[in-house]
Amino acid sequence: MAHLGDASQAALEALFSHRGFWPEAVFVSISKGGKLGTGGMSGQSMLYIARHRTLQASVAAFSPHDLRRTFIGDLLDAGADLSTVQQLAGHAQIQTNARYDPRGEATKKRASKLLHVPYRGR
C-alpha cells in the first residue's frame, strides 16, 4: 500500500486517465513497438530511462535509488519521525534510514531549540 499527498494523487489520476489503469503496476512495460504492457517495468528499464532523461536534460546522472534517498531525506526534512519514514521506505530496521539521512548540524541545531527548558534565570 502506498499513501500519497494531494499532488501525487492528482498526478497519478492524470496518468491513469490518459493511459488507463492496471492494478499490477504504476510503471508498466513498453514493447519495442511502443505498446503498453500489463506487467511492471523492470528495474533495468527504469535505470535506462533515468540515464536517458539525464542526458536529455543535461543534468547530473542519477539512478532510481537516488529518488529513494530524496524521498527519505525530504520526509525527514519535513519533520516526519524516523519510525514512520522507516515504514514508508520499507526498511526492516530503523538504522537503515541513517544511511539515507542527509540532514546535518543545522537540523540538529533547529531540533534542539524545539525542546522547552523551564529556566527563569537569576
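Every number in this text was worked out from the coordinates using simple rules, so none of it is lab data. No experiment lies behind these values; they were computed from the predicted model shown. Note: ideal-geometry Cβ built from the backbone for every residue, glycine included; neighbour counts use all protein chains shown.
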Give the separation of the Cα centroids, the range 44-73 to the range 1-42, in Å.
18
Given a 10 angstrom Cα cut-off, can you work out which residue in A25, A106, A50 is the most mobile in a GNM of the chain?
A106
For M41, other-chain or 5+-apart residues with amide H closer than 5 Å (H placed, Pro excluded) are F27, V28, S29
Once the Cα gyration tensor of the chain is found, what semi-axes does its equivalent ellipsoid get, as square roots of 5 times the eigenvalues, in whole Å, sorted largest first?
38, 18, 14
Gyration tensor (alpha-carbon) shape descriptor, the range 63-108, a/c threshold 1.5:
oblate
Listing D6, D77, D101 from the residue with the fewest other Cβ atoms within 10 Å to the one with the most, what is the order?
D6, D77, D101
Counting other beta carbons within 10 Å of each Cβ, put V28, V59, V117 in order, fewest first.
V117, V59, V28
So which trypsin sites (Lys or Arg not before Pro) in the range 1-99 pass both tests, a DSSP loop state and at most 15 other Cβ atoms within 10 Å of the Cβ?
K32, K35
In deg cm²/dmol, rounded to 500, what helix-only [θ] at 222 nm does the chain give when every DSSP H run of at least 4 residues adds -39500 (n - 2.57) and the total is split over its residues?
-15000 deg cm²/dmol
Specify whether the C-alpha gyration tensor of the range 1-71 places it in the rounded, prolate or oblate class, a ≥ b ≥ c being the square roots of the eigenvalues: rounded for a/c under 1.5, otherwise prolate if a/b is larger than b/c and oblate if not.
oblate
Could you work out which residue, out of G33, G104, G90, moves most in a Gaussian network model of the chain, that is, has the largest mean-square fluctuation with Cα springs under 10 Å?
G33
